[in-house]
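Report on the structure given below.
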Amino acid sequence: MGLLPGKVTVITGAGRGLGKALALRFAREGSSVVLAGRSYDLLEKVCDEIRASGGEGFPVRMDVRDPHSVAQAVEEAASRFGRIDVLINNSGISMVSPSESLSYEDWKNAIDTNLSGVFFCSRAVAMHMIDRGISGCIINISSTFGKTPVPRRAAYCASKAAVDMLTKVLAAEWAEKKIRVNAIAPGYLKTEFIQQLEEQGKLDTRSLKKRIPQGRIGSAEEITGMAVFMAGDEATYMTGSVVYIDGGWTAYGFV
């Protein structure tokens, strides 16, 4: 039956990488999954995988940077399933550039996607939960780069640090509404995006592995268990937490 039977989960950026892994895992745990994002064809493919395994997946178009698009997608998801129990804010983009040449457009795109998008989606889903008296859960996907500064990633690091604080503010504000808000901060994961950066010469995974105490890069599937725990009944006293899953990256102080 799984750990999340009867739950309805909305996952942003669910067409690839960690978002896809989360969608497949939550479906296996018995949750109906709403896959939200701009790449509708990718969302449909993931839904096909979910349905082939006996789960329930539903794709919706959403641009997290646009509050009107977010509100429309949330309404579509609520109309389809009657309720939303869990939101996972997974949509995000990286931004690698020397700070002195980082353009306004690139800065704004990173902040709009990684930070404003989390707020817009959280607010829209929280309003739905509050209106219906649902004891809900919001999980924000942050990053170790919200804690450890990295050169040439000013916009990304700033946006993720802000997500960590936003997580705590919303947790404190919505606790009386019975909405829990937590964050997961992954380290480097084996995703298509990391592979692209490596192929472009923007990332040296061999050097990275030397910096990680466990000596390896993680997998997206190693993040999904914590998300399931946060969304489940055993985490009902957990809110305002940022959990690092990074092979020891943030614990390691030696360079």
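Please treat every number below as a calculation from the coordinates, not as lab data. Quick caveat, the model's predicted, so the values are computed rather than measured. Cβ sites come from the backbone with ideal geometry, for glycine too, and all protein chains shown count toward neighbours.
Compute the FRET efficiency between R83 and K108 as 1/(1 + (r/R0)^6), taking r as their Cβ-Cβ distance and R0 = 35 Å, and round to the nearest 0.05.
0.55
Points 7 angstrom from Cα along the Cβ direction at E199 and E234: gap in nanometres?
Taking the simple label geometry, E199 and E234 are separated by 3.9 nm.
For the Cα atoms of the chain, what angle does the longest principal axis make with the long axis of helix 221-231, in degrees from 0 to 90, nearest 10?
Approximately 40 degrees, to the nearest ten.
Using the Cα centre of the chain as origin and beta-carbon charges of +1 (Lys, Arg) and -1 (Asp, Glu), tell me which of A175, I84, T12 is placed farthest towards the positive end of the dipole.
Farthest along the dipole direction, towards plus: A175.
Expressed as a rounded percentage, what relative contact order does the stretch 7-100 have, with Cα pairs under 8 Å and six or more residues apart?
This gives 34 percent for the stretch 7-100.
Of M1, M238, how do they rank once you tally other Cβ atoms within 10 Å and put the fewest first?
Numbers: M1 7, M238 15.
Least crowded to most crowded, the residues run M1, M238.
As an exercise, identify the chymotrypsin sites (Phe, Trp or Tyr not before Pro) in the stretch 207-250 lying in DSSP coil whose Cβ has no more than 12 other Cβ atoms within 10 Å.
Hits after loop and neighbour filter: Y237.
Under the rule a/c < 1.5 gives rounded, and otherwise a/b versus b/c splits prolate from oblate, where does the stretch 184-227 land using the Cα gyration tensor?
oblate
Which of K7/K160; K45/K147; K147/K190; K177/K209; K178/K209 have a Cα-Cα distance over 32 Å?
Over 32 Å Cα-Cα: K45/K147; K177/K209; K178/K209.
Hey, what do the phi angles of the stretch 72-81 turn into as Karplus ³J(HN,Hα) couplings, whole Hz, using 6.51/-1.76/1.60 and θ = phi - 60°, x for Gly and Pro?
5, 5, 5, 5, 5, 5, 5, 5, 6, 10
What do you get for the angle between helix 117-132 and the principal long axis of the chain? Use alpha-carbon atoms, 0 to 90 degrees, nearest ten.
20 degrees
Take each of the peptides 64-70, 193-199, average the number of other beta-carbon atoms within 10 Å over its residues, and list them starting from the highest.
Highest to lowest by the protection proxy: 64-70, 193-199.
Rounded to the nearest Å, what's the spacing between the alpha carbon centres of the stretch 31-80 and the stretch 197-255? Just the number, please.
Result: 26 Å between the Cα centres.
Calculated from DSSP H runs of 4 or more alone, at -39500 (n - 2.57) each and per residue, what is the 222 nm mean residue ellipticity of the chain, nearest 500?
-13500 deg cm²/dmol
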